[in-house]
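The values are calculated or read from the model by the stated rules, or taken from the named source; none is laboratory data. What you see is a predicted model; the values in this text were computed from it and never measured. Positions of Cβ are generated from backbone atoms using ideal geometry, with glycine treated the same way; all protein chains shown enter the neighbour counts. In case anyone asks, the SASA skips ligands and DNA or RNA and just uses the protein heavy atoms, side chains included. Shrake-Rupley method; radii C 1.70, N 1.55, O 1.52, S 1.80 Å.
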Amino acid sequence: QVQLVESGGDLVQPGGSLNLTCVASRRIGGIYAMAWYRQVPEKQRELVAHITDRGRAFYADSVKDRFIIRRDDIVDKIFLQMNNLKSEDTAVYYCNAGTAFNRDYRPMNYWGQGTQVTVSS
């Protein structure tokens, strides 16, 4: 069992940057792959990026070259650095713990409460 808490969401102008943080309640290093998802109303939750337990990162095409996912297993946190934000990045962003074999990510039922990112001028 692991509890996840996201933070860092905000209102930002197009072209701006944000850094999201997810804190886990227990050790994640060597156990869980971690991921960021996002969701807008009336749409399915979308996988944005994930990082394997060995630190290999994968991204959705829509965010590749703009977002960076990192993990710090010493403090049991993951981060999502979001650059050159666009209006279509507006969503609630969720942290997840799961398993991964390279690009194939499988979420487990460990979700945070989400943090709102709004990109608007």
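Condition (residue is among the acidic types (Asp, Glu), surrounded by fewer than 18 Cβ atoms within 10 Å (Cβ to Cβ) and not in a loop (DSSP other than H, G, I, E, B)) applied to segment 68-81: is it met by at least one residue? The answer is yes; a qualifying residue exists.
For segment 30-45, which positions are within 13 Å of VAL92 (Cα to Cα) and assigned to a strand (DSSP E or B)?
Of all residues in segment 30-45, those within 13 Å of VAL92 (Cα to Cα) come to 36-45.
Across segment 30-45, the qualifying residues are TRP36, TYR37, ARG38, GLN39.
The residues of segment 1-29 that are part of a loop (DSSP other than H, G, I, E, B), in contact with an Asp or Glu (Cβ under 8 Å, 6 or more places away or on another chain) and open to solvent by less than 20 Å² (accessible area, probe 1.4 Å), listed by number, are ILE28, GLY29.
The residues of segment 30-67 that are among the charged types (D, E, K, R), more than 11 Å from ALA97 (Cα to Cα) and open to solvent by 60 Å² or more (accessible area, probe 1.4 Å), listed by number, are GLU42, LYS43, ARG45, GLU46, ARG54, ARG56, ASP61, LYS64, ASP65.
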